[in-house]
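See below for the structure under consideration.
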Amino acid sequence: MSERFFGNFTQQEPIAQDAIDAAIAVMQSGRLHRYNTAPDDPGEVALLEQDFAAMTGAHYCLAVASGGYALGCALRALGLQPGEAVLTNAFTLAPVPGAITSAGGVPLFVEVTDALVIDFDDLIAKAPRARILMLSHMRGHLCDMDRLMEICAEHGLTVIEDCAHTMGASWRGVPSGRHGAIGCYSTQTYKHMNSGEGGFLISDDPQVMARAILLSGSYMMYPRHLASPPQDAFESLKYETPNVSGRMDALRAAILRPQIPTLPDRVERWNALYRAMETGLSDVPGLRLIPRPQAEAYVGSSFQFCLPDHSPAQITAFVHACAARGVELKWFGAAEPAGFTSRHDSWRYAPPQDLPQTDKVLAGLMDLRLPLTFDIRDTQILCRIIAQELGAAPLSLG
Ligand SMILES: *Cc1c(COP(=O)(O)O)cnc(C)c1O
C-alpha cells in the first residue's frame, strides 16, 4: 500500500500559556477597547505597538483589525485619489487588489519573474502611470530590495510593502517593511503571529502615521498612543481625516504581545522545515525549485516549486493523486479560483490586463503550507509522495 500523509496543513500551534493568561487578565479587567485605558494601564494595544516598533526598528507603529485593513489604510494615508492607478505585482493574494479597490484605486499589475518576484523591466515601463507601488512580498519571496528602491526613487514611486509573508524576514540585514514608506503586516492565523485577525502598519513618516492613526478610528484619543508621532503632527490633520474604523482590540493585542520575543525561534523552525523540503525535492526530474538570493533572510512558512514542462492535464492529475495521499497542494494555474485566490484574472473588479509572463509562471506553480505542527519527518513523507507522484506520471506520456 502506498504511503499516506496524515498531517493537517491548516493546523497551527496552540496559543502559549503566557498569552492565554494575558488575554484572561484583559477579560477580567473588562477593558477590551483600546481607548478604554486606566491611569495605571496604557492598554495592551499601545504596548503592543511599542514592542512591534522596537522589533522592526520603525519610529511609529499602528495596530489594526487586519492586514487587508492595514493596506487600505496605508493607501488612504498617502492620499490616494479616486480612480488613481496603484502598481502591484500580479502574483499576490486577493486582499491586495481588494485593498486598492476599496480605497478607490485601480490595480495596475506588474509582471513577476520565475523567481516569483516583481519584474523590474515591467515596473520601469509602467512606473510613469502611477505614484504608488504596493509591493507584495508574496509567499515570502523578496526581490532585490536595493535595486527596487533605486528604481522607485528614480521614478518618484512611494512604496508600501505588504509583509504578510515576510514578518521576521530581511534583505541585507534590513527588516522587511523597513525599505518602503510604510510596511503592512497581518497577524491572521496563517501568518507569522496568530491573533485570529489583526494587522500592523509601521512608518518613520510622522504625517503619514498621524493620518493612519486618525483614519483607524482614534477620534481625539490619539494622545494615548505610545509608538506615535508628536502631537503637533495631528494638528493640521485632525479635522480633515475621515474615521474608517479598524482598530485592534486589547484582547488580540494581549495574545500577540508575548509572540514578539518568540518570533525568531519560530522563524528558525519554519526554515528548518523549508530546507528539509528543498533537500528532499532537489533531485526530482521535471521539478524546479525557487532559488533564494544570498541577501535574503526568509521565513519559510510555505513552500513553492514549479512544474514548467507539465501540461494542465498532467498537473491536475498530479494534484489529485497527491490529495488522495493526504498532500494538499495549491496550484496557482488552475482555471477556476478555489480556496485563497492569487491570480489576477480571478479579480474581475480590476480592469483585465495582459500579463503573459506571469500567466506562464503561475501555470506551473505549486504551493504548500508548512505549519509548525509539522516536523522534519513530515517533510520527508511529503517529499517522498510528491516525488513518487511526479514519477508516476512521466512527462513522455503527456
Ligand atoms: C493574508 C494576506 C494579506 C491580508 O491579511 P489579512 O489579515 O487576512 O487581511 C495581504 N497580503 C497577503 C499576501 C496575504 O497573504
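Residues in region 58-67 include at least one that is within 16 Å of the ligand (Cβ to nearest atom) and either outside the structural domain of Ala130 (by TED's automatic domain parsing) or in a loop (DSSP other than H, G, I, E, B) (or both). Inspect all residues belonging to region 202-211 and state whether any of them is without any contact (Cβ under 8 Å) to a residue 40 or more places away in the chain, of a type outside the set (D, E, K, R), open to solvent by less than 10 Å² (accessible area, probe 1.4 Å) and touching a Ser or Thr at 6+ places or on another chain (Cβ under 7 Å). For region 202-211, residues without any contact (Cβ under 8 Å) to a residue 40 or more places away in the chain, of a type outside the set (D, E, K, R), open to solvent by less than 10 Å² (accessible area, probe 1.4 Å) and touching a Ser or Thr at 6+ places or on another chain (Cβ under 7 Å): absent. Screening Thr101 with (1) within 15 Å of the ligand (Cβ to nearest atom); (2) crowded, with 24+ Cβ neighbours inside 10 Å; (3) part of a helix (DSSP H, G or I) gives one miss only, at (2). Take the conditions (1) part of a loop (DSSP other than H, G, I, E, B); (2) farther than 16 Å from Gln259 by Cβ; (3) of a type in the set (Val, Ile, Thr); Ile213 misses just one of them, which is (1).
Here is a yes/no grid of residues against (1) modelled with pLDDT of 95 or more; (2) in contact with a Gly (Cβ under 9 Å, 6 or more places away or on another chain); (3) at positive phi; (4) surrounded by 13 or more Cβ atoms within 10 Å (Cβ to Cβ):
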{"residue": "Gln12", "(1), (2), (3), (4)": "yes, no, no, yes"}
{"residue": "Ile15", "(1), (2), (3), (4)": "yes, no, no, yes"}
{"residue": "Tyr35", "(1), (2), (3), (4)": "yes, yes, no, yes"}
{"residue": "Gly43", "(1), (2), (3), (4)": "yes, no, yes, yes"}
{"residue": "Cys73", "(1), (2), (3), (4)": "yes, yes, no, yes"}
{"residue": "Ala85", "(1), (2), (3), (4)": "yes, yes, no, yes"}
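Yes or no: Gln207 at pLDDT 95 or above, among the polar types (S, T, N, Q) and not in a loop (DSSP other than H, G, I, E, B)? So Gln207 passes the test.
Table: residues versus (1) assigned to a helix (DSSP H, G or I); (2) of a type outside the set (Val, Ile, Thr).
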position: Val26; (1), (2): yes, no
position: Cys73; (1), (2): yes, yes
position: Pro82; (1), (2): no, yes
position: Phe91; (1), (2): no, yes
position: Pro97; (1), (2): yes, yes
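Selection over region 115-143 of residues that are in a loop (DSSP other than H, G, I, E, B) and out of contact with any Pro (no Cβ under 8 Å at 6 or more places or on another chain) gives a count of 8.
The residues on offer are Leu201, Leu256, and the sole one that is within 16 Å of the ligand (Cβ to nearest atom) and in a strand (DSSP E or B) is Leu201. When the test is whether a residue is assigned to a loop (DSSP other than H, G, I, E, B) and in contact with a strand residue (DSSP E or B) (Cβ under 8 Å, 6 or more places away or on another chain), Asp146 does not pass it.
Any residue at all in region 288-305 that's among the charged types (D, E, K, R) and outside any loop (DSSP other than H, G, I, E, B)? Yes, that holds for at least one residue.
The residue of region 229-240 that is farthest from Ser203 (Cα to Cα), among those that are touching a Pro at 6+ places or on another chain (Cβ under 9 Å) and surrounded by 14 or more Cβ atoms within 10 Å (Cβ to Cβ), is Phe234.
Here Ala25 qualifies as small (Gly, Ala, Ser), more than 29 Å from Ala94 (Cβ to Cβ), touching a residue at least 40 places away in the same chain (Cβ under 8 Å) and surrounded by fewer than 18 Cβ atoms within 10 Å (Cβ to Cβ). Residues of region 361-377 that are closer than 24 Å to Asp122 by Cβ, open to solvent by 10 Å² or more (accessible area, probe 1.4 Å) and touching a residue at least 60 places away in the same chain (Cβ under 8 Å): Val361 alone.
Looking only at residues in region 270-292 that are under 21 Å from the mean Cα position of the chain (by Cα), crowded, with 16+ Cβ neighbours inside 10 Å and of a type outside the set (A, V, I, L, M, F, W, C), the one that is farthest from Met366 (Cα to Cα) is Asn271. Ala85 - would you say it is away from the ligand (no atom under 16 Å from the Cβ), in contact (Cβ under 8 Å) with a residue 40 or more places away in the chain and farther than 22 Å from Gln207 by Cβ? Against the criterion (away from the ligand (no atom under 16 Å from the Cβ), in contact (Cβ under 8 Å) with a residue 40 or more places away in the chain and farther than 22 Å from Gln207 by Cβ), Ala85 qualifies.
Within region 116-159, which residues are within 16 Å of the ligand (Cβ to nearest atom) and charged (D, E, K, R)? Selection gives Arg139 alone. Across region 138-178, the qualifying residues are those that are hydroxyl-bearing (Ser, Thr, Tyr) and open to solvent by less than 10 Å² (accessible area, probe 1.4 Å), and the one among them that is nearest to the chain's Cα centre (by Cα) is Thr166.
Residue-wise test of (1) under 30 Å from Pro264 (Cα atoms); (2) hydroxyl-bearing (Ser, Thr, Tyr).
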site	(1), (2)
Ala338	no, no
Ser342	yes, yes
Asp345	no, no
Gln353	no, no
Lys360	no, no
Leu365	yes, no
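Have a look at Phe303, Phe318 and point out the one that is open to solvent by less than 20 Å² (accessible area, probe 1.4 Å), over 26 Å from the mean Cα position of the chain (by Cα) and closer than 23 Å to Phe374 by Cα. Spell out the reasoning first.
Numbers: Phe303 fails: over 26 Å from the mean Cα position of the chain (by Cα).
So the residue among Phe303, Phe318 that is open to solvent by less than 20 Å² (accessible area, probe 1.4 Å), over 26 Å from the mean Cα position of the chain (by Cα) and closer than 23 Å to Phe374 by Cα is Phe318.
The values are calculated or read from the model by the stated rules, or taken from the named source; none is laboratory data. Please read these numbers as outputs of a predicted model, since none were measured by experiment. Here the Cβ is made from the backbone with ideal geometry for all residues, glycine too, and neighbour counts use every protein chain on show. Side chains included, ligands, DNA and RNA excluded: accessible areas come from the protein's heavy atoms. Shrake-Rupley method; radii C 1.70, N 1.55, O 1.52, S 1.80 Å.
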